[in-house]
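The values are calculated or read from the model by the stated rules, or taken from the named source; none is laboratory data. These numbers were taken from a predicted model, which means no experiment stands behind them. Heads up, the Cβs are rebuilt from the backbone with ideal geometry, glycines too, and the neighbour counts pull from every protein chain shown.
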Amino acid sequence: MRLATFSLRSSPERQLVGVLRGDRLLEVDAPSMKALLARGREALDALAGKVETWPGPGHALQDVHFLPPVPDANKFLCVGKNYRTHLEELKRTDLIKELPSEPTGFVKLNDALTGHDAEVVRPATVMRLDYEPELVFVIGKPAHNVKPDDAMSYVAGITILNDLTCRDTQKREVASGSRFWTAKNAPGFGPLGPFIITMEEVPDPYDIWVTCSVNGEQRMRVNTSEQIWKLSRIIEHFSRLVPLLPGDMFSTGAPGGVAVGKANAEDLFLKPGDVVECAFEAPAMVLRNRIAAA
């Protein structure tokens, strides 16, 4: 089952929650995605059972404006330094000095999030804008002091984040020891979605091919099996002191293959007019955004 937060192009001020049936979105009676997830697994299973017999045609995808699937999460925690190939890239560019001994992370602000097919404005001061396709887990029930063996039972589904990063700013922030990272929190620097894919469609979250293409040219293709810290360890680590709530999200880190690690990085950094597509191959989903000039 695929869940989305959206508005209609004819009435953009009204935020809706939907479930995908074929190529149409059906409206779900829920005030928000967080509220829908908080109803629990049994409610989601019941919703899935009703999709095929749903009354009414729903909305054609060309008539909707996708918002981030969870636009107002209480917490969006991004795990850093979680793919060995990306760590080697960062070491070569002096963005890190050593490998972490436990999961590390930073907070992604809701104000940075945007949806599928949205334009992302590159600020005039940003010249080295990089792409980072990331697997995101969405929490489905309250979690505190979670044990690793039970961690996946707290997950409602997965989605995609393009964790856009200003590499110039990031280098200064790393050097200063900052953990806020404005390099990743400018408005629009968090394209997310378009859907939450619920876990019954995800046979193995650690065998998903993740790709990123720019203007139709594939720039990277990696498998989530390369992650150092799996979600069981991530949830155990962060839930020791911080209670997690339905709709909270964990982005699980950038894989290797981003622009900053390439010899011709200056040619690869994103420019106005570029169309970026981050995707899962199976279960298939594409997140697309266009970079615009300030």
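Answer yes or no as to whether L161 is modelled with pLDDT of 95 or more and in contact with a strand residue (DSSP E or B) (Cβ under 9 Å, 6 or more places away or on another chain). Answer is yes for this residue.
Among the residues of region 52-62, those identified as loosely packed, with under 15 Cβ neighbours inside 10 Å and touching a strand residue (DSSP E or B) at 6+ places or on another chain (Cβ under 8 Å) are E52, G56, P57, A60. Might you let me know whether region 144-158 holds any residue that is among the acidic types (D, E), modelled with pLDDT under 95 and not in a loop (DSSP other than H, G, I, E, B)? There is at least one residue in region 144-158 that is among the acidic types (D, E), modelled with pLDDT under 95 and not in a loop (DSSP other than H, G, I, E, B).
Scan region 273-291 and give yes if some residue there is in a strand (DSSP E or B) and touching a His at 6+ places or on another chain (Cβ under 7 Å), otherwise no. Yes: region 273-291 contains one or more residues that are in a strand (DSSP E or B) and touching a His at 6+ places or on another chain (Cβ under 7 Å). If the condition is being under 16 Å from R290 (Cα atoms) and of a type in the set (A, V, I, L, M), then region 128-148 contributes only L129.
If only residues of region 243-286 that are in contact with a strand residue (DSSP E or B) (Cβ under 9 Å, 6 or more places away or on another chain) and among the polar types (S, T, N, Q) are counted, the one that is surrounded by the fewest Cβ atoms within 10 Å (Cβ to Cβ) is S251. Among the conditions (1) within 20 Å of the chain's Cα centre (by Cα); (2) exposed (fewer than 13 other Cβ atoms within 10 Å of the Cβ), S7 misses just one, which is (2). Among the residues of region 164-186, those that are in a loop (DSSP other than H, G, I, E, B) and at pLDDT below 95 comprise G177, S178, R179, F180, W181, N185, A186. Only residues that are β-branched (V, I, T), buried (at least 20 other Cβ atoms within 10 Å of the Cβ) and closer than 19 Å to V214 by Cβ were counted in region 117-172, giving 4.
When D248 is tested against (1) more than 21 Å from K81 (Cβ to Cβ); (2) at pLDDT 95 or above, exactly one condition is not met: (1). Number of residues in region 118-143 that are among the aliphatic types (A, V, I, L, M), in a strand (DSSP E or B) and under 13 Å from A186 (Cβ atoms): the value is 3. Within region 206-225, restricting attention to residues that are touching a Lys or Arg at 6+ places or on another chain (Cβ under 7 Å) and either of a type outside the set (A, V, I, L, M, F, W, C) or free of Cβ contacts under 8 Å to residues at least 40 places away in the same chain (or both), the residue that is surrounded by the fewest Cβ atoms within 10 Å (Cβ to Cβ) is Y206. When D45, D72, D63 are screened for being within 24 Å of E200 (Cα to Cα) and not β-branched (V, I, T), only D45 passes.
For V222, the conditions (1) closer than 28 Å to M152 by Cα; (2) modelled with pLDDT of 95 or more; (3) in a strand (DSSP E or B) are fulfilled apart from (2).
Any residue at all in region 271-278 that is in the same structural domain as L135 (by TED's automatic domain parsing) and free of Cβ contacts under 8 Å to residues at least 40 places away in the same chain? Yes - at least one qualifying residue is present in region 271-278.
Highlighted here are the helices (runs of 4 or more DSSP H) found entirely within region 4-117 that include at least 2 residues which are under 26 Å from R167 (Cα atoms), of a type in the set (K, R) and at pLDDT below 95: 84-92.
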